[in-house]
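The values are calculated or read from the model by the stated rules, or taken from the named source; none is laboratory data. Since the structure is predicted, the reported quantities are computational estimates derived from the model, not experimental observations. Cβ placement follows ideal geometry from the backbone for every residue including glycine, while neighbour counts extend to all protein chains displayed. When the accessible area is computed, the model is the full protein with side chains, heavy atoms only, and any ligands, DNA or RNA have been set aside. Shrake-Rupley method; radii C 1.70, N 1.55, O 1.52, S 1.80 Å.
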Amino acid sequence: MAGAEGIVKIPELRKKITFTLIVLAVYRLGVHIPTPGVDGEALKAAFASMQGTIFGWFNLFSGGALEKFSIFALGIMPYISASIIFQLLTVMVPYLSDLQKEGDQGRKKITQYTRYATVLLCFIQGFGIASTLQAYTTPQPVVLDPGFAFKLMTTITLTGGTMFLVWLGEQISERGIGNGTSMIIFAGIAAGIPQGISSAISLVRTGEIGIGKLLLVGALIVATFFVIIFVERASRRIPVHYAKRVVGRKIYGGQNTHIPVKLNTAGVIPPIFASSLLMFPATIGTFWAAGLIQTISSWLAPGGWLYEILFVGLIFFFAYFYTAVVFKTEDVAENLKKYGGFIPGIRPGESTVRYIDYVLTRLTLGGAVYISLICVLPTIMTQYLKVPFMFGGTSVLILVGVALDTVAQIETFMLSRNYEGFMKHARVKGRAAYT
């Protein structure tokens, strides 16, 4: 309650949260704006037959926009896919690596290239989805006026919708609270919770699943929440000691502290990146109704054994890759050496780098195993418990992870404001005492 009162009392924080909620409301409103030229009733029938396929997975991350075939049907996943591509390229391409080292100007250029790549991916995915819907004619055509004009109009509409979502995400990151892209995905998944609960109750009423199985599923979801919260807050503390330094007449250092290293440093990025990357074959497969590519696309449908193996493998890859991106062990060791800090029993410099790398590698392995176990939970639920809806795993991980990050940002903001207020009060009191 004290935290809520603190939020209300800080005007700037209140404005940030209000702005974020308004932007998310605009996003949810846009989900219900349909793309022109599609028969709504025929679309419902078509999508009902596509449940359990890659389209159901697309629909999850688009917040139900694909099911309605709204202007936001592609969601923000093309932008995430483009971000993955450029993060990988910055490691392999010297030009992009140099741009990243140039500071804000270099990062702005990389962001601009990422937007261009997003537009290209949107055109590919939008044209593929439009072609798939146009080819769907059983039991009745989905497209009212098929032809190239429909494909072009749909592609441009969906591309514009995704780029608008990218802009909304940037506005949240700049003027609101939390990471804009993650908040949009969070809002889309959270919007499906009431429908999932309603569907589960309907299944119990019709006798398709028993009340005992439903309670078991609910207990699994609640337990998953607690496990995620516990692990996301878990960290390894590397002890650090600062030697005493004499500067002029003052003595600095001589204190003990620690470097907190989270068990899951990469957060929710690995499953988002992995699922986004696995959507590529399905997107390409929409252009071919038969052949090898269509066969490969069917093999990589969510729920299949090959998909799950690749999904777990990509989670491990991105867990290590993203941890290496956000946690620079060389910079940490250099800063410790610069300010006279050292890890007890470890020599400063290269030995410190190797020790931190060793700790980080072991922690990341545990984090990757944890993420993989959480993310394959939907498959276990559907195949062994025979639950006909997918809620858990990746969805819960994203929901809890984004919520914890947002709360942490709010707490950091409140702490900084309280500190500034304390310092201001101290300065005023000091001037009063001086006069």
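Filtering the range 180-221 to residues that are of a type in the set (Val, Ile, Thr) and more than 27 Å from residue 166 (Cβ to Cβ) leaves 197, 201, 204, 206, 209, 211, 217, 221.
Can you pull out the residues in the range 179-203 that are in contact with a Lys or Arg (Cβ under 9 Å, 6 or more places away or on another chain) and either closer than 19 Å to residue 266 by Cα or open to solvent by 20 Å² or more (accessible area, probe 1.4 Å) (or both)?
191
The residues in the range 169-178 that are open to solvent by less than 10 Å² (accessible area, probe 1.4 Å) and either without any contact (Cβ under 8 Å) to a residue 40 or more places away in the chain or touching a Leu at 6+ places or on another chain (Cβ under 7 Å) (or both) can be counted, and the count is 0. Considered as a group, the residues in the range 245-266 that are surrounded by 13 or more Cβ atoms within 10 Å (Cβ to Cβ) and at pLDDT 80 or above include one that is farthest from residue 370 (Cα to Cα), and that residue is 258. Of the residues making up the range 124-163, those that are open to solvent by 70 Å² or more (accessible area, probe 1.4 Å) and either small (Gly, Ala, Ser) or in contact with a strand residue (DSSP E or B) (Cβ under 6 Å, 6 or more places away or on another chain) (or both) are 135, 149.
In contact with a Gly (Cβ under 6 Å, 6 or more places away or on another chain) and assigned to a helix (DSSP H, G or I): is that true of residue 86 in this structure? In short, no. Number of residues in the range 90-123 that are crowded, with 16+ Cβ neighbours inside 10 Å and β-branched (Val, Ile, Thr): the value is 5. Checking every residue in the range 187-208 against the condition of being in contact with a helix residue (DSSP H, G or I) (Cβ under 8 Å, 6 or more places away or on another chain), free of Cβ contacts under 8 Å to residues at least 40 places away in the same chain, assigned to a loop (DSSP other than H, G, I, E, B) and more than 22 Å from residue 75 (Cβ to Cβ) gives zero matches. Residues in the range 324-333 that are assigned to a helix (DSSP H, G or I) and touching a residue at least 60 places away in the same chain (Cβ under 8 Å) were compared, and the one that is nearest to residue 279 (Cα to Cα) is 325. Any idea which residue in the range 221-235 is nearest to residue 259 (Cα to Cα), counting only those that are in a helix (DSSP H, G or I), of a type in the set (A, V, I, L, M) and open to solvent by less than 60 Å² (accessible area, probe 1.4 Å)? Of everything passing the filter in the range 221-235, 231 is nearest to residue 259 (Cα to Cα). Considering the conditions (1) open to solvent by 30 Å² or more (accessible area, probe 1.4 Å); (2) at pLDDT below 80; (3) within 27 Å of residue 273 (Cβ to Cβ), residue 379 is excluded by exactly one of them, (1). If you go through the range 338-352 and pick out every residue that is open to solvent by 80 Å² or more (accessible area, probe 1.4 Å) and more than 16 Å from residue 239 (Cβ to Cβ), you end up with 2.
For the range 281-323, filtering for residues that are out of contact with any Phe, Trp or Tyr (no Cβ under 7 Å at 6 or more places or on another chain), assigned to a helix (DSSP H, G or I) and modelled with pLDDT under 85 leaves 15.
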